[in-house]
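A.B. asks: Just dropping this structure here.
The values are calculated or read from the model by the stated rules, or taken from the named source; none is laboratory data. Nothing here was measured: the structure is a model prediction, and the numbers come from that model. In this analysis, Cβ positions are derived from the backbone assuming ideal geometry, glycine residues included, and neighbour counts consider all displayed protein chains.
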Amino acid sequence: MDFIKATERGKNELWRYVLGILTVLIFWLLLGALPVVAAFLWVSVDGDPTTGFDPGTGMLEGVGPIWPYVVPNLTFPIFLLGIVIAVGVIHKRNLRTLVTPAPRVNWRRVGIGFGLWLLLALLFTGIEFALFPETFRWAWVGIGQYLPFLLLALIFTPIQTTTEELFFRGYLLQATGRVTGAGTLLRRLLAAAINGVLFALPHAANPEVALGPVPLMLFYFGMGAFLAWITLRDGTAELAIGAHAANNLFVALLVNYQESALQTPALVMSDHLDPTYTLITFILSAIIFALLVFTVLPRRRRSYDQA
């Protein structure tokens, strides 16, 4: 409940939440679309017949592997600015309260979330490779292209994932937590489920969803609900921030798939996304992650303190 009560450090009238959400949506969906619109106009008038814009996927074409990644990610600093204005100006509280009620963010906890989710992604991708090796191929583009992309991804992807966490697991979860109470297990599950639905909705337009709408929408719902639940369980969004960043950096840098909403020069490319395997491995990863961070790791930390 301390995570929900962090909202009491600011002003919480209903009209502020309505105005705050509207402000964030304007920055995210309207102002945040300006870089994509500018890129569309550029490839339309540059006189190069090999460049273009695919309206079906929203991706740039014929401009190399970096720009199709950078342009959509320029939305997120604008999105983040909307959150800063909503929380700081409209609610008059510190942005840090979207992450933790503590005086400072525990970056060790963020690192635990990042490292553990990355290990689980490597484990289950390794199992998938062992089962279906024919679907994977080495996609090395050369150091000249990969190194600049690596540097950009290490900047833009954490901005993207942290911005989403501040909005979904911070602002929206705290808002719904005030309504549901989130004091009992049932109320926490209800708040997490609502958050899962809100997180899944923007992902419904991702091109990969067409491969298996039911399992992939369940995956997005599950990811949102799971990150919300561990945030409520842990009392901070630190684990969620770390896990989300690990998930997206893994896809961007290491193993991407053909139908991905965001094409990147990852080291390995999978020629087919299996929606059912994705859902099953997510469920297993979530269970293992929760068991480790809430049972094994706390015990180990206490033993270190006693030593």
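A.B. asks: Mind checking which residues of the range 251-270 are among the hydrophobic types (A, V, I, L, M, F, W, C) and part of a strand (DSSP E or B)? So that I can check it myself, show each step before the final result.
C.D. replies: Applying the first criterion (among the hydrophobic types (A, V, I, L, M, F, W, C)) to the range 251-270 yields 251-255, 261-262, 266-269.
Listed by number, the residues that qualify are Val255, Val268, Met269.
A.B. asks: Could you tell me whether any residue of the range 124-134 is under 24 Å from Ala228 (Cβ atoms), assigned to a helix (DSSP H, G or I), without any contact (Cβ under 8 Å) to a residue 40 or more places away in the chain and out of contact with any Cys (no Cβ under 7 Å at 6 or more places or on another chain)? Spell out how you get there, then give the answer.
C.D. replies: Filtering the range 124-134 down to residues under 24 Å from Ala228 (Cβ atoms) leaves 124.
Right, trim to assigned to a helix (DSSP H, G or I) and you get 124.
Still in the running and without any contact (Cβ under 8 Å) to a residue 40 or more places away in the chain: none.
Within the range 124-134, none of the residues are under 24 Å from Ala228 (Cβ atoms), assigned to a helix (DSSP H, G or I), without any contact (Cβ under 8 Å) to a residue 40 or more places away in the chain and out of contact with any Cys (no Cβ under 7 Å at 6 or more places or on another chain).
A.B. asks: So which residues in the range 89-108 are part of a helix (DSSP H, G or I) and surrounded by fewer than 20 Cβ atoms within 10 Å (Cβ to Cβ), if there are any at all?
C.D. replies: Of the residues in the range 89-108, the ones part of a helix (DSSP H, G or I) are 89-90, 95-98, 107-108.
Passing the criteria: Val89, Leu95, Arg96, Trp107, Arg108.
A.B. asks: Against the condition closer than 18 Å to Gly10 by Cβ, assigned to a loop (DSSP other than H, G, I, E, B) and among the small types (Gly, Ala, Ser), how does Ala86 come out, does it pass?
C.D. replies: Working: closer than 18 Å to Gly10 by Cβ: yes; assigned to a loop (DSSP other than H, G, I, E, B): no; among the small types (Gly, Ala, Ser): yes.
The answer is no for Ala86.
A.B. asks: Name the pairs whose Cβ atoms lie under 7 Å apart, with the first residue in the range 23-47 and within 24 Å of Gly88 (Cβ to Cβ), the second small (Gly, Ala, Ser) and at pLDDT 95 or above, and 6 or more positions between them or separate chains?
C.D. replies: Thr23/Gly82; Thr23/Ala86; Val24/Gly82; Val24/Ala86; Ile26/Gly82; Phe27/Gly82; Trp28/Gly82
A.B. asks: I'm trying to understand the selection: among the residues of the range 161-187, which are within 12 Å of the chain's Cα centre (by Cα) and either assigned to a loop (DSSP other than H, G, I, E, B) or acidic (Asp, Glu) (or both)?
C.D. replies: Listed by number, the residues that qualify are Glu164, Glu165.
A.B. asks: Also, quick follow-up: Pairs under 9 Å by beta carbon, first residue free of Cβ contacts under 8 Å to residues at least 60 places away in the same chain and part of a helix (DSSP H, G or I) in the range 286-298, partner surrounded by 14 or more Cβ atoms within 10 Å (Cβ to Cβ) and among the aliphatic types (A, V, I, L, M), six or more apart or different chains?
C.D. replies: none
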